[in-house]
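Student: One structure coming up, written as structure tokens, with questions to follow.
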Amino acid sequence: MELEFKRHRRLRKHATLRNMVRETQLQPSDFIYPIFITEEQDKKTEVSSMPGVFQLSLDRLNEEVEEVESLGIPAIILFGLPHHKDETGSEAYASQGIIQRATRQIKQAFPDMMVIADTCLCEFTDHGHCGLIHEGDVLNDESLELLAQTAVSQAEAGADIIAPSNMMDGFVAAIRQGLNQAGYTHIPIMSYAVKYASAFYGPFRDAANSAPAFGDRKTYQMDPANRREALREAQSDIEEGADFLIVKPALSYLDIVRDVSNQTTIPVVAYNVSGEYAMVKAAAQNGWINEEAVVLEKLTSMKRAGADLILTYFAKDAVRWITKETK
Ligand code: PBG
């Protein structure tokens with residue numbers, strides 16, 4: 001009697017056929033590229049734990065944005081390194097703050113580049129926390145007003161999208177109300193709705209000089225052990241008016257990306273964070289992995305998990321690699 005079984009390999013026989021049945025394709029418009037901006041002058045300083053990622057001064061910024069635009073990447077997200085930090089993070093909402101100046105400069109030179117402003121206080125406070133501090137506690141409601149003020153000043157400077165990353169309760173509601181009252185009803189909010197208290201943010205805190213001076217972020221960012229809580233966070237941000245949801249980090253949280261994207265109808269963004277970047281770079285520099293193949297596999301897995309957009313330090317390389325592959 002003849003053995004009966006399925007021949008799955010039929011569809012894998014030829015490269016062209018494999019392309020025809022490929023379910024997930026990366027494209028340049030999938031990506032958002034992060035940029036760190038320093039208030040110093042004539043600086044392009046490589047972040048030691050993130051090879052290929054630089055802190056750029058305003059006079060070096062346009063060359064970077066030009067490269068991003070020429071690759072067909074539609075959006076950048078900005079992080080600031082202010083020269084002055086204080087208790088209330090006042091440079092986050094100053095009209096001449098580093099993010100506000102950078103945004104004006106970029107929008108003037110590149111009107112079609114979508115500028116996303118990360119709305120948080122940790123890069124601007126001397127204690128490095130994402131909200132106001134009282135007796136060692138990160139205050140929630142008292143921080144909301146400053147976050148709304150930050151968002152409004154970013155919108156005033158020309159930011160196309162506001163991306164609050166501070167994880168205070170009610171931050172989307174407060175920012176939506178602040179933007180609306182200032183006449184920015186049309187500016188979307190990309191909420192870091194599901195942000196875990198992750199050890200993978202280490203290199204970012206080197207890059208942005210934003211490590212908390214005491215304690216950690218566990219009273220506002222989520223416990224990596226929790227899944228249902230992610231759905232509650234996503235739900236409340238949607239109800240408060242979020243237009244996009246970010247899940248962060250990405251790689252160790254692809255189950256969460258899948259759950260969130262199943263549960264919502266608004267676009268989902270996976271944030272492939274600094275530690276995830278650093279690990280791949282380190283292994284690649286040691287010759288232990290094939291960087292291009294590993295990166296494209298990882299990014300494809302994020303899209304396969306349900307991400308509509310991917311925020312990644314690999315964006316420029318990824319676009320070079322995918323456009324080369326299809327040629
Ligand atoms: C600001 C912020 C952080 C990251 C993005 N926005 C740092 C943090 O929460 O400590 C991390 C991004 C990365 O690691 O790539 N709150």
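Student: Quick one: would you say A102 is farther than 21 Å from V273 by Cβ, touching a strand residue (DSSP E or B) at 6+ places or on another chain (Cβ under 7 Å) and crowded, with 18+ Cβ neighbours inside 10 Å? Walk me through how you get there before you give the answer.
Tutor: Working: farther than 21 Å from V273 by Cβ: yes; touching a strand residue (DSSP E or B) at 6+ places or on another chain (Cβ under 7 Å): yes; crowded, with 18+ Cβ neighbours inside 10 Å: yes.
For A102, the condition - farther than 21 Å from V273 by Cβ, touching a strand residue (DSSP E or B) at 6+ places or on another chain (Cβ under 7 Å) and crowded, with 18+ Cβ neighbours inside 10 Å - is met.
Student: Another question, if that's okay. For the stretch 40-56, does any single residue satisfy the condition of being assigned to a strand (DSSP E or B), of a type in the set (G, A, S) and closer than 22 Å to F314 by Cβ? Spell out how you get there, then give the answer.
Tutor: Just the residues of the stretch 40-56 that are assigned to a strand (DSSP E or B), to begin with: 44-47, 50-56.
Now narrow it down to the ones that are of a type in the set (G, A, S): 52.
From what is left, the residues that are closer than 22 Å to F314 by Cβ are 52.
Yes, the conditions are met somewhere in the stretch 40-56.
Student: I need the full set of residues from the stretch 203-258 which are closer than 18 Å to A305 by Cα, part of a helix (DSSP H, G or I) and in contact (Cβ under 8 Å) with a residue 24 or more places away in the chain, in order please.
Tutor: The answer is A230, L231, A234, L251, S252, Y253, L254, D255, I256, V257, R258.
Student: Turning to a different aspect of this structure: Of all the helices (runs of 4 or more DSSP H) wholly in the stretch 77-182, which have at least 2 residues that are closer than 24 Å to R232 by Cα? Lay out the reasoning, then the answer.
Tutor: Values: elements: 98-109, 141-157, 171-181.
Of the helices (runs of 4 or more DSSP H) lying wholly inside the stretch 77-182, those with at least 2 residues that are closer than 24 Å to R232 by Cα span 141-157, 171-181.
Student: Please work out if G158 is of a type outside the set (F, W, Y) and within 29 Å of D216 (Cβ to Cβ). Please lay out each step first, then the result.
Tutor: Values: of a type outside the set (F, W, Y): yes; within 29 Å of D216 (Cβ to Cβ): no.
Against the criterion (of a type outside the set (F, W, Y) and within 29 Å of D216 (Cβ to Cβ)), G158 does not qualify.
Student: Just checking, does the stretch 278-296 include any residue being on the phi < 0 side of the Ramachandran plot and modelled with pLDDT under 95? Before the answer, list the steps.
Tutor: Here is the first cut: in the stretch 278-296, the residues on the phi < 0 side of the Ramachandran plot are 278-286, 288-296.
If we keep only those that are modelled with pLDDT under 95 as well, we get none.
Looking for residues that are on the phi < 0 side of the Ramachandran plot and modelled with pLDDT under 95, one finds none in the stretch 278-296, hence no.
Student: Can you tell me how many residues in the stretch 203-226 are at pLDDT 95 or above and surrounded by fewer than 17 Cβ atoms within 10 Å (Cβ to Cβ)?
Tutor: The qualifying residues number 4.
Student: Continuing with the same structure: Report, by residue number, each residue of the stretch 272-286 that is of a type outside the set (D, E) and either away from the ligand (no atom under 15 Å from the Cβ) or part of a helix (DSSP H, G or I) (or both). Write out each step before concluding.
Tutor: Pass one, the stretch 272-286, residues of a type outside the set (D, E): 272-275, 277-286.
Answer for the stretch 272-286, where residues must be of a type outside the set (D, E) and either away from the ligand (no atom under 15 Å from the Cβ) or part of a helix (DSSP H, G or I) (or both): S274, G275, Y277, A278, M279, V280, K281, A282, A283, A284, Q285, N286.
Student: While we're here: Count, please, the residues in the stretch 185-215 that happen to be of a type in the set (A, V, I, L, M, F, W, C), within 12 Å of the ligand (Cβ to nearest atom) and over 22 Å from A151 (Cβ atoms).
Tutor: 5
Student: Since E40 meets every condition but one in (1) over 18 Å from the mean Cα position of the chain (by Cα); (2) more than 21 Å from E123 (Cα to Cα); (3) of a type in the set (D, E), which condition does it not meet?
Tutor: (2)
Student: So, one more: Please state which of the following conditions V269 fails to meet, knowing it meets all the rest: (1) within 16 Å of the ligand (Cβ to nearest atom); (2) assigned to a helix (DSSP H, G or I).
Tutor: (2)
The values are calculated or read from the model by the stated rules, or taken from the named source; none is laboratory data. No experiment lies behind these values; they were computed from the predicted model shown. Every residue, glycine among them, receives a Cβ derived from its backbone with ideal geometry; neighbour counts consider all protein chains shown.
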